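S.K.: Here it is, the structure in full.
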Amino acid sequence: MGKVGVLGSFYRLLHPRPTALIVSADKDGKPNVMACSWITPASIEPPLLIALLGEQSYTRNLIVECGEFTVNIPDSKLMKLVKVAGTTSGKNVDKFKRVKVELKPGRKVKVPVIWDCPANIECKVKNTFEAGECLAIVGEVLDAYVDRKAFQRGQWKVKVPLHVWGSKFSYPGKAVKAW
């Protein structure tokens, strides 16, 4: 079997990845949203996750300024919001005016959640560190909740978009038992 070098795009080997919609807010409380697939659980106890946001990210600046954010897991019905959130900057566009969704106040944070998403996670910034061109934001998970029809027995019952690359997405198939 012949193999070719892909060091310059090694990260594509780790895709597809779940797509999240990260909501932040400016100092006046105006919410912003970005699409992100570079996000992962980091610890169960205490509950932590890490989001990696590029140096040009408006959301990155808002999160550092505000100290809180929410992670919202969309389903296939919200792909228009995923597109707008992933292709425009909140510096220039009010993304929530472009795509109408229901925002509700967070239970434990000032930043809202996207109620239309089947799952929501509320975080406060615990730590940050530079990771190449990205800022790794360690979020302490203060609350997490899910639509019980969308997530049962530890498995998604709705189509959660997996980011393949660029504007390509896929959806998980049937779960199989490996052993």
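The values are calculated or read from the model by the stated rules, or taken from the named source; none is laboratory data. Just so it is clear, the model here is predicted, and its values are computed rather than measured. Because the Cβ atoms are built from the backbone with ideal geometry, glycine has one as well, and the counts that use them run over all protein chains shown. Heads up: the accessible areas ignore ligands, DNA and RNA and are worked out on the full protein's heavy atoms, side chains in. Shrake-Rupley method; radii C 1.70, N 1.55, O 1.52, S 1.80 Å.
S.K.: With only Lys, Arg, Asp and Glu charged, each at its Cβ (+1 for the first two, -1 for the last two), find how big the charge dipole of the chain is about the Cα centre; round to the nearest 20 debye.
M.R.: 860 debye
S.K.: Among the trypsin sites (Lys or Arg not before Pro) within the stretch 1-61, which fall in a DSSP loop and have no more than 10 other Cβ atoms within 10 Å of their own Cβ?
M.R.: Numbers: sites: Lys3, Arg12, Lys27, Arg60; in loops: Lys3, Lys27.
Counting only loop positions with at most 10 other Cβ atoms within 10 Å, the trypsin sites (Lys or Arg not before Pro) in the stretch 1-61 are Lys3, Lys27.
S.K.: Taking all pairs of distinct Cα atoms, average 1/r, flip it, and tell me the Kirkwood hydrodynamic radius of the stretch 77-179 in Å to one decimal place.
M.R.: Final number for the Kirkwood radius of the stretch 77-179 is 16.3 Å.
S.K.: Using heavy-atom solvent-accessible surface (probe 1.4 Å) with all chains present, what is the largest-first order of Phe10, Phe151, Phe69?
M.R.: The ranking, largest first, comes out as Phe10, Phe151, Phe69.
S.K.: Determine the sum of side-chain charges near Lys149: Lys and Arg each +1, Asp and Glu each -1, restricted to other residues whose C-beta is under 12 angstrom from that of Lys149.
M.R.: 0
S.K.: While we're here: If every alpha-carbon in the chain counts as one equal scatterer, what log10 I(q)/I(0) does Debye give at q = 0.10 1/Å?
M.R.: With one equal scatterer per Cα and no solvent, log10 I(q)/I(0) is -0.39.
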